[in-house]
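One structure is given here, and the rest of the page talks about it.
Coordinate-derived values only; no laboratory data. Values in this document were obtained by computation on a predicted structure and should not be read as measured data. Cβ coordinates were reconstructed from backbone atoms using ideal geometry, including for glycine residues, and neighbour counts include every protein chain displayed.
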């Protein structure tokens, strides 16, 4: 009997013809995550198994909890037999020291050549436990212990508990996107949710020194580090936006400052996406949250690019976004008081229903094509990798 980790796929099993791509990518992502661990990984269309050669289960479980595409993580015991008598005896040795009064048995029989049904196996195993374990009884509704049996090709597996995975799709199965990452609460959450749907992200940050500080830039780098836990690594594109922002401020009526600024950002983001072979832009906009996020504003800003713009938080309210930010540990960094490009030069009365034709006329007042070219030509690229984990004691 060997102790190992079982991975359940969940949503990936709906992919039918493409399931091999998704599972193979998941295996590659897990291998990358566990590259410093001593493990062997094998899989089929139903399950993935990780053999832990150094018995460092706590470390591995902690890392697996940051991998998208996993529905459940299970520590199980593998038996090289389908013989029910052998299974019952091994199970009895596993539960001997467990303290419980009620239990039930759940059986999954993927090998249909086994003559007994799953229900019949559960009933037989449950009866065996009742005879051989004192002071216990069956409770199918609220048991203290659930005994899971899986009978597969030539092996059987026993486990008692599972750890919920992140779900979603393995990163990169759906291509690449550019996350417009500010230092605020929303954009890191939007990035997290895009990664969950299988999008591998690069990030784009606009800095405007001396109006924005080095602390604001470092804050974004810290947020990117958090996201890199799920994305393996993140390439952060830093655009020097000062000249563009000052030209807008000096030449364009102030009620249109934010609208024109966002149009410039979208143009730059589309060019970066093209150079990076990214298929979409991702941002943290939520409908109606600020002036630039009304439906009319979104339309006026969106029309300067042809690339799709994905807004994972479009229909979330602020409290829902904050809850996720706290869960993924970006909130405390996001609320640090360092201003970014989107919070400086904010007019008192920004237009909430901008006219696209007026935007085009105002943009003729500045040489924005040359400014954009210069900004992209001199932009900085920072490769951000996940920091090594330190503490795993909370897992087991």
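Any idea what the relative contact order of region 176-385 is, in percent, if you count C-alpha pairs under 8 Å spaced at least 6 apart?
35 percent
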Residue-normalised 222 nm signal for the chain, counting each DSSP H run of n ≥ 4 as -39,500 (n - 2.57), nearest 500 deg cm²/dmol, is -11500 deg cm²/dmol
Checking rank on 131-143, 78-90, with mean other Cβ inside 10 Å and highest first, the result is 78-90, 131-143
Region 9-62 and region 325-372 have their Cα centres apart by a whole-number Å value of 41 Å
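For region 2-164, what relative contact order do you get, as a whole percent, if you take Cα pairs closer than 8 Å and at least 6 residues apart?
Once divided by the residue count of region 2-164, the mean separation gives 26 percent.
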Which of [x] 1.39; [y] 1.25; [z] 1.05 gives Cα Rg over 2.2 N^0.38 Å as computed here? It is [y]
If the chain between residue 303 and residue 16 were fully extended at 0.36 nm per residue, the gain over the current Cα-Cα distance would be 99.7 nm
For the chain, the longest principal axis of the Cα atoms and the Cα long axis of helix 118-132 enclose an angle in degrees, to the nearest 10, of 60 degrees
Counted neighbours (other Cβ, 10 Å), sorted fewest up, put 249, 192 in the order 249, 192
Most packed first (mean Cβ within 10 Å per residue), the peptides 195-208, 56-69 order as 195-208, 56-69
Rounded to whole angstrom, the alpha-carbon centroid of region 107-155 lies from that of region 254-310 at a distance of 56 Å
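Relative contact order of the chain, please, whole-number percent, based on alpha carbon pairs below 8 angstrom and at least 6 residues apart. Please report the intermediate quantities before stating the final value.
Details: 725 pairs, mean separation 69.3, N = 396.
Reported relative contact order: 17 percent.
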Taking Cα atoms only, helix 318-327 is inclined relative to the longest principal axis of the chain by an angle, in degrees rounded to 10, of 50 degrees
Expressed in Å to one decimal, the Kirkwood Rh of region 9-48 from all distinct alpha-carbon pairs is 10.7 Å
DSSP beta bridges in region 61-184: the antiparallel percent, rounded to 5, is 55 percent
Among beta bridges assigned by DSSP with both residues in the chain, the antiparallel ones amount in percent, to the nearest 5, to 55 percent
The Kirkwood hydrodynamic radius of region 2-164, taken as the inverse of the mean 1/r over all distinct Cα pairs, in Å, comes to 16.9 Å
Computed over the chain: longest principal axis from alpha-carbon atoms vs helix 19-33 long axis, angle to nearest 10 degrees, is 80 degrees
Heads up, region 1-92 by the C-alpha gyration tensor (a ≥ b ≥ c square roots of eigenvalues; a/c under 1.5 rounded, else a/b over b/c prolate, else oblate) looks oblate
